[in-house]
Every structure is written in C-alpha cells, then in structure tokens.
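Asks: A single structure is presented below for examination.
The values are calculated or read from the model by the stated rules, or taken from the named source; none is laboratory data. What you see is a predicted model; the values in this text were computed from it and never measured. So basically every Cβ, Gly included, is an ideal-geometry build from the backbone, and we count neighbours across all protein chains shown.
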Amino acid sequence: MPSTELERKIMFEDLNETVTFTNIDNTDFGTDTWEEEWEEKDPQTKVVGMRKMVHSTDNAAWDGHLYSIKAGEVKVYPKFLAEHLAKHLINKIMGKTNPRAMRNEVERMKLQKQIIGTAEYTINQTQAPKNEGERVAQMVEKLEEEVKPFVGLKQNEDLSGLTRTELMSKAKEQGIKLANTDTKEILIEKLEK
C-alpha cells in the first residue's frame, strides 16, 4: 500500500496501465494465508468496530485483498500492483535460492524482467470504490473477467534443452493438439505459438 503522497500520486496516475505478471517460481504464490481480526476504535466518536484482513505468507496482498498466482500462471494486473507483487515474489525466490543476494539490484531486475511483461488492456471502472483496497480489487476483478489467467510458457523460456517427452507433456498441459509423429522441433514450434 502506498505510504507517501508521491507514491499515491504515481499509483493513481498509472491506474489504467496494465502489465502481465508471470509466477516464474515453481511453487504457488500467495496461497499460504491466515486471517486477522481486531477491534477498531474511532477516538472522536468512540465507535467500536471489527476489522478483518487476510494476510499471505508471501505478502501477495494489497490493502487486505489477496492475489494468489499458481506456479507458471500468467495474469494481467495494474502496473503498480504487479510491481508490488513482483517485489515479494522476488524476495521469495531469492530467499530460497540466494538469501545473501537479496539486495543485489542487478539480480532483482533480472527476475523482475522475467515476471513483468507488457499487456494491452485498459480498465474502465463502473462504480466508485469505498477505499483504495476496494478500488484495486475491482480493477483486478474486471481484468480477470476479460483476461483469463493461463499456465503456459514462462517469458523467454528456452525449450531447446527439454526432451521430446518433456515437450509432449508441456503441450498436453496446454491442450495443444499433438501427433505421434511430431518431432522435437515441431513441438517447440507448437509451444511457442
């Protein structure tokens, strides 16, 4: 969630810009969750209310709204949300593979380029949201109606090192029509379409 006025201004200026978000990790992101509930008191009116928020171990959330992405899945998100989620996915990946390099900006940028891609979708909101979290959740809901997530090739994935059997499995997962006579080269061509 934006903490400064500048961050809010940047986020709301870029509300309609969308990008693709690819979970390049081999595990799901944002699926390990817990709920927190607490009392909220307004110092002026003394009204007591309850607030509930869903948290993700991976921090795959924005203002209490969870955004889970399966391994290899690609979704379209507003740019600011994708950048926020990418930061946490990169932390998760680097924490598993190379915790000492967590602050290495070059390595982080390499991963971010694999996670965030371009998208040509615009968001038109139909009703005024109650708060920032609601606004973002509405935007993502609208995008999910228009752009169905898919599990496919990761951006710039090199298929040449895979065996014919592995290529056949990938093609079957994606529902690609196969023939027993398909060579490795033909399978790569079909997968890259």
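Asks: Could you check how many residues of region 17-52 are at pLDDT 85 or above and part of a strand (DSSP E or B)?
Replies: 4
Each row is one residue, and each column tells you yes or no for (1) modelled with pLDDT under 85; (2) farther than 30 Å from residue 64 by Cβ; (3) assigned to a loop (DSSP other than H, G, I, E, B).
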site	(1), (2), (3)
92	no, no, no
107	no, yes, no
124	yes, no, yes
143	yes, no, no
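Asks: Another question about this same structure. Within region 53-73, does at least one residue satisfy the condition of being among the small types (Gly, Ala, Ser), modelled with pLDDT of 85 or more and in contact with a Lys or Arg (Cβ under 9 Å, 6 or more places away or on another chain)?
Replies: yes
Asks: For region 97-119, enumerate the residues that are in contact (Cβ under 8 Å) with a residue 60 or more places away in the chain, over 11 Å from the mean Cα position of the chain (by Cα) and closer than 16 Å to residue 26 by Cα.
Replies: 111, 114
Asks: Moving to a separate point now. Every residue in region 145-164 that is at pLDDT 80 or above and within 20 Å of residue 71 (Cβ to Cβ), please.
Replies: 159, 161, 162
Asks: Shifting gears a bit: Taking region 57-80 on its own, how many of its residues are in contact with a helix residue (DSSP H, G or I) (Cβ under 6 Å, 6 or more places away or on another chain) and assigned to a helix (DSSP H, G or I)?
Replies: Result for region 57-80: 1.
Asks: Sticking with this one: Kindly provide the set of residues from region 172-193 that are within 23 Å of the chain's Cα centre (by Cα) and either surrounded by 15 or more Cβ atoms within 10 Å (Cβ to Cβ) or assigned by TED's automatic domain parsing to the domain that holds residue 113 (or both), ordered by number.
Replies: Matches in region 172-193: 191 only.
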